[in-house]
1. Given the C-alpha centroids of the range A:223-268 and the range A:36-58, what is the distance between them in whole angstrom?
2. Tell me, which longest segment in chain A has none of the GluC sites (Glu not before Pro) that fall in DSSP loops with at most 15 further Cβ atoms within 10 Å?
3. Rounded to two decimals, what is the ratio between the C-alpha radius of gyration of the range A:37-147 and 2.2 N^0.38 Å?
4. Which whole-number percent is the relative contact order of chain A (Cα, under 8 Å, 6+ apart)?
5. Based on C-alpha coordinates, I'd like the Rg and Dmax of the range B:53-181, in Å.
6. Computed over the Cα atoms of the range A:161-223, what is the convex hull's projected area averaged over all directions, in nm²?
7. Nearest 100 Å² is fine: how much accessible area is buried between B and A, summed over both sides, with a 1.4 Å probe?
8. Tell me the label-point distance for the pair B:ASP254, A:SER231, using the 7 Å Cα-to-Cβ offset, in nm and rounded to one decimal.
Amino acid sequence: METQHRKWHPIAASSDLPLRHTFHGQLLGREFAVWRADDGYVNVWENRCLHRGVRLSIGINDGAELKCQYHGWRYANRTAGCTYIPAHPADAPARTICNRTYPAVERYGLVWSGETPDGELPEISELEAGSPCALRAIPVNAPADLVTKRLAEYRFQPNAKIDGQGAEITVETAQDGHLSLSSVDGEVSTKLLLFVQPVDSNRTVVRGVLSDRPKQEDELRVFLHHSRRLSSLRDLIEAEAAGLPVPEPMQPVIHRVSEELASMPEQTLSGRTAPLRVEVSRKWETAAGIAGLKLVPVGEQLPTFQPGAHIDVHMPNGLVRQYSLTNGPGETRHYTIGVKLEPDSRGGSQCMHREVREGDVLAISEPRNNFPLRRDAVKTLFVAGGIGITPLLSMARALHHSDLPHELHYFSQSEKHMAFPEVLERLGSGVVPHLGLDPAETGKQLKAILSRYQPAMHLYVCGPGPMLEATRKIAADHGWPDNSIHFEYFKNTNEVDDSSSFEIDLARSVMTLQVPAGKTILAVLRENGVDVPSSCEQGACGTCLTTLLEGEPDHQDVYLNESEKSSGNCIMTCVSRAKSGRLVLDI
Amino acid sequence: MAVCSDKTVLNQWYAIGATEEIEPERMTETVLLEEELSYTVDALGSPKVWRTGHDAGELVPSQCVYGYVWTCLGEASGEVFAIPEFSEPDRRNMNAATIGVNVSAPRAIENFLDMGHFPYVHTDILGVEPHTEVKEYDVEISIENDEILATRCRFFQPMASQASGGGADVEYIYRVPHPFCSVLYKSSPVDDKRMDVIAVFLQPVDQEHIRAHMMLSVLDEDNDDKSIRLFQQTIFGQDKPILENQFPKRLPLDPRAETPIRADKSAITYRRWLSRKGITYGVIPAAA
């Protein structure tokens, strides 16, 4: 019997897997959930949700994932890894929650699998040449070896003489759980392959495949012919099996989950809390490679946001990412964010693009604003590069609403890369697109835009690092003072040097702590029970900004501007360190 | 010889039928722990239960409690666990349903303790997406009563009550005072200081089949018995196909058989409690 486990067996017909269906298959006592994703991939999985053992064959195939009916756990196409556990929307499912998968090959109109099949699915030479046509599967209540033996007696007519009788049948091969029969009537002949699928010790499915598809006008008669004859043979086999002792049902081994998964995970006590629950009420492609997500509250009203604010999104894969709100003033029934799919994503934007769907619940932080908008400027210039549009969109909408003078310069690859076009349209002539420019042309445009500085003008810049650097430099060159240039980096691309070790004194908490090499100030504070807010934890967002009372800081962030850095009176505790042996923080 | 060799299970009391649904003196047949039984209740309300399979005719202990005939096939010790609310004069007590389910008793108890499935299985009634979160709650094993107690359980319910227009968090308390019985307390829509009681008394027919008796003790003056029953039967009817598609049907007590999450705290406690009691019936015991 063991050898059966190392063989390929048919477990379904291709026609058993129509769009978004989940098929219940069985082989050697083991049940499978078999489903085809929208990309065509056929998944053959253990028919059990790892959580509470509910059959996944009653689950919902949404085209990309299979969702368990009991608690809504979702498992991804191909990997069978769990991507979402609705009972704990703030926690990431452990990466190792992964259902057992079995190999799957679709060939000759059948889906083939096995427990641990050796090698590749062997080619069936009779079916390689023609146009194979799978017949209706015939379940038989009898052991596979008996079925195989009796199938050699099967009699049938060739396709082209289906209404004739007395065709000559030759059994050409009978091995490896399949028979190859040839029916010859005069000058016409048809080959039929009969595959025997051992479902359980006393249950078998016979799957016939004709080597050639019948002519269309004969199709129905051919199918009926085989259905009737195979059914008659089934009755004979079942009658014979009824007289034999009933074998014990097979007992497939259900593998245990890992030790790590068996214990109940503790509540995560990250310093980055995500007290809000939002539902993705709409997800759409707002521009090439950019997903728009509209988040509505689950339960209570969403907290107030300000233009420039961002939220932390705790993703189903465990990562935490910051996204700026694009909302206009008074738009408080939802938060809308834009997420660009980063080709070198470390999993954040990929998760938002591929795994998060409409209807999902996400855990998010309250909005924080580290990129505040002044509204006392004689004129405000916004310079956006690519996805850097998002915070500036919210700002421009606020100024537009109040009729305050502003220009929104949007640098983008092309028109179809411009996010939230419906919002841009409402902003009217305030929006100036700059499309498809190379760095040199961009520099030229920026010089033109930034050449007419007047006192009480303000500039807000958000975009990719190099463009941001260029804008800041050009502005400075054209006389924009440091405090009129406001910027927000997506991320800190500087290599953080955490080799120093030093002491921190917490002035208000009256504590002295050691910060060793390799550990951040923030981590040391948390370990000692001092709760301080943080968000990106890489020196870009500004959330962990702390007042510095004494000591010489080693700034490694991209949040503070040069004059703020040189003033030496604030520090980002997530990346920055000390040049002196000791820092006194206002905590 | 009894078919069931699990002494702890054998010595428990089990509800086998609702007294209000049988005519006095009329004999009813049933199966408990694979033993065939017959029972009657006389005009005065006294029950009688006897074996009809092996040892046919042998009387077994019986009593009527909470509107059901209870019996014990082993050595009966003590009383059926207490549900003090049942005797409060203004409550309506009834058997909401007796439903056969093709599952082991402990799987059905776990389902009764579970809140995470409300939005998926009882959509628009006990839960609705996107309100899927199971908030932190407390579970303990009460030492003096040897029963599991889960408190501070809250779940968003779209139809919190017929009186209230919208959804709200509903509070639950769960008790498991018997390996195969559980009692649920749920905030009453008519009296915010009291709670409705919904209990399941499972009758294990064999290791993988049960009859579930659902007892209600509620504060409700507006709805008739039929609509109250219909509501509970709808809920149970939604659970039934899920329970019957759990594999294996017996509850695995090996901690590595399935994957728990924090929302399953009460189920984890229940599995450990069964393991500690040495229960073998209806479960797959953890390998020693």
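The values are calculated or read from the model by the stated rules, or taken from the named source; none is laboratory data. Please read these numbers as outputs of a predicted model, since none were measured by experiment. In this analysis, Cβ positions are derived from the backbone assuming ideal geometry, glycine residues included, and neighbour counts consider all displayed protein chains. The accessibility values were calculated without ligands, DNA or RNA, using every heavy atom of the protein model including side chains. Shrake-Rupley method; radii C 1.70, N 1.55, O 1.52, S 1.80 Å.
1. What the calculation gives is 16 Å, centre to centre.
2. On the way: sites that count: A:GLU120, A:GLU123, A:GLU153, A:GLU187, A:GLU266, A:GLU300, A:GLU331, A:GLU358, A:GLU495.
For GluC sites (Glu not before Pro) (loop position, at most 15 other Cβ atoms within 10 Å), the longest site-free span of chain A is A:359-494.
3. Here the Cα radius of gyration is 1.33 times the empirical estimate.
4. Details: 1288 pairs, mean separation 51.9, N = 587.
Relative contact order comes out at 9 percent.
5. For the range B:53-181, the Cα radius of gyration and maximum Cα-Cα distance read 18.2, 58 Å.
6. On the way: hull surface 21.0 nm².
Its average projected convex-hull area is 5.2 nm².
7. Working: alone 13850 and 27800 Å², together 38130 Å².
Counting protein atoms only, the buried area is about 3500 Å².
8. Computed distance between label sites B:ASP254 and A:SER231 equals 4.3 nm.
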